[in-house]
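Only one structure is covered here, and it is reproduced in the block below.
The values are calculated or read from the model by the stated rules, or taken from the named source; none is laboratory data. These numbers come from a predicted model, not from an experiment. Cβ placement follows ideal geometry from the backbone for every residue including glycine, while neighbour counts extend to all protein chains displayed. When the accessible area is computed, the model is the full protein with side chains, heavy atoms only, and any ligands, DNA or RNA have been set aside. Shrake-Rupley method; radii C 1.70, N 1.55, O 1.52, S 1.80 Å.
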Amino acid sequence: ELLNDIVGRYTLPQEVKAKGIYPYYRPIESGQDTVVKMKGRNVLMFGSNSYLGLSDDPRLKEAAIDAIRKYGTSCSGSRFLNGTLDIHLELEEKLARLVGYIFLDAFDHASIIDGSRLSFSKVLKFGHNDMASLEDKLSRVPLDAPKLIVVDGIYSMSGDIASLPVILDLADKFNAAVMVDDAHSLGVLGDHGRGTADYFGVTDRVDLIMGTFSKSFGSLGGFIAGNHVALNYIKHNSRSLIFSASMPPANVAAVSKAIDIMLSEPERREHLWDLTHHAHAAFRERGFDIGHTASPIIPLFVRDTEKALTAVKLALDEGVFITPVIPPAVPPDSVIIRFALMATHTMEQLDTAIDKLTGIFRKLEIIK
């Protein structure tokens, strides 16, 4: 009863539901493709992180099924103890060849912020992609103090790219290490989608690269890359690795197949960037504010929570799935609708979605 009394004070979801504009937990009745089934009807999907369009690829499905037949559905333990399979090691080797580091897959990391809290370190935040702010923060810390700069490769909401070469120069100047979260960059940036460090040609200067398999690779799990010394420490001291069950065989096999497809079908990524450049130009021509995005992640700034939720509802009514980003995830004046592209979208699907969103944004007086 006490718990209900405390959490019962949180009524925002009920209030939004009463207005008919609740945008979360919307059930999808099909695979995560460019067109999904929702309540029996076709809806254009522009809210997915499957940038290469591989999450519903039949080749990944077959690889996953074959792995289940051979290994079962679970390893029933952590990588540290009984949960390391030969296919885990094969995937590590494949990832190492992909970006030029030794990798540890299935590192069950939380968000960067939660991770920094678990580290018990002193956390200093600098302005978003603001190199002057970063330099100012670094200058306040003793030169010989351990320092780790952690940035996204592509920022998941704003779609812009970290200024990695400048960050690395500052790291050298102030004796800091650099970690890049490539969750949204793999499959998108760099040669054949190898990520942010490859995109800038600075792989040998980055200390740690973290990635996920839940986006471009159409599966689940993650990895961290670094030199042998760093990974030896992580393998034997990371609680989130040691006390988490290892990646299930089906997920490992799906990721491995996704990497093969990514490397052998560069036309997927090329089409993704054709779509991206077209979308950036089209949205800007119609008066949308899309910020500083330089990627297939396109923020449509609304700057009003109720209008954003209403726009998402109206878009779904017209057969377009998009997602809102509202407080507390962003400040009230930075509310956006997140529009994300997949390599399997067609130009016609993209233009249809942009046309419908233009009408909705004009109706709600978000754009003129």
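At a glance:
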| read-out | value |
| --- | --- |
| Flag for residue 127 being in contact with a helix residue (DSSP H, G or I) (Cβ under 7 Å, 6 or more places away or on another chain), surrounded by 15 or more Cβ atoms within 10 Å (Cβ to Cβ) and of a type outside the set (Asp, Glu) | no |
| Identity of the residue in the stretch 330-344, surrounded by fewer than 24 Cβ atoms within 10 Å (Cβ to Cβ) and more than 30 Å from residue 265 (Cβ to Cβ), that ends up modelled with the highest pLDDT | 335 |
| Lone qualifier among 143, 164, 124, 85 - being more than 18 Å from residue 230 (Cα to Cα) and modelled with pLDDT under 85 | 124 |
| Residue match in the stretch 192-206 (condition: of a type in the set (Lys, Arg), under 22 Å from residue 296 (Cα atoms) and open to solvent by 40 Å² or more (accessible area, probe 1.4 Å)) | yes |
| Enumeration of residues in the stretch 79-93 that are under 22 Å from residue 261 (Cα atoms) and either open to solvent by 90 Å² or more (accessible area, probe 1.4 Å) or more than 21 Å from the chain's Cα centre (by Cα) (or both) | 86, 87, 88, 89, 90, 93 |
| Selected residue (only one of 310, 305, 276, 293 is farther than 18 Å from residue 56 by Cβ, among the hydroxyl-bearing types (Ser, Thr, Tyr), open to solvent by 30 Å² or more (accessible area, probe 1.4 Å) and touching a strand residue (DSSP E or B) at 6+ places or on another chain (Cβ under 9 Å)) | 305 |
| Helices (runs of 4 or more DSSP H) enclosed by the stretch 171-285 - at least 3 residues per element that are modelled with pLDDT under 95 | 228-237, 239-242 |
| Selection from the stretch 135-145 of residues that are without any contact (Cβ under 8 Å) to a residue 24 or more places away in the chain and loosely packed, with under 15 Cβ neighbours inside 10 Å | 136, 140, 142, 145 |
| Among residues of the stretch 10-68, those that are open to solvent by less than 20 Å² (accessible area, probe 1.4 Å) and hydroxyl-bearing (Ser, Thr, Tyr), counted | 4 |
| Answer residue from the stretch 317-329, given it is outside any strand (DSSP E or B) and in contact with a strand residue (DSSP E or B) (Cβ under 7 Å, 6 or more places away or on another chain) and is surrounded by the most Cβ atoms within 10 Å (Cβ to Cβ) among those | 322 |
| Test for residue 4: is it open to solvent by 40 Å² or more (accessible area, probe 1.4 Å) and in contact with a Gly (Cβ under 8 Å, 6 or more places away or on another chain) | no |
| Selection from the stretch 154-169 of residues that are in a loop (DSSP other than H, G, I, E, B), within 19 Å of residue 132 (Cα to Cα) and open to solvent by 30 Å² or more (accessible area, probe 1.4 Å) | 155, 163 |
| Scope the stretch 1-42; condition within 27 Å of residue 250 (Cβ to Cβ), β-branched (Val, Ile, Thr) and not in a loop (DSSP other than H, G, I, E, B); matching residues | 35, 36 |
| One residue from 220, 186 being in contact (Cβ under 8 Å) with a residue 12 or more places away in the chain, open to solvent by 10 Å² or more (accessible area, probe 1.4 Å) and within 16 Å of the chain's Cα centre (by Cα) | 220 |
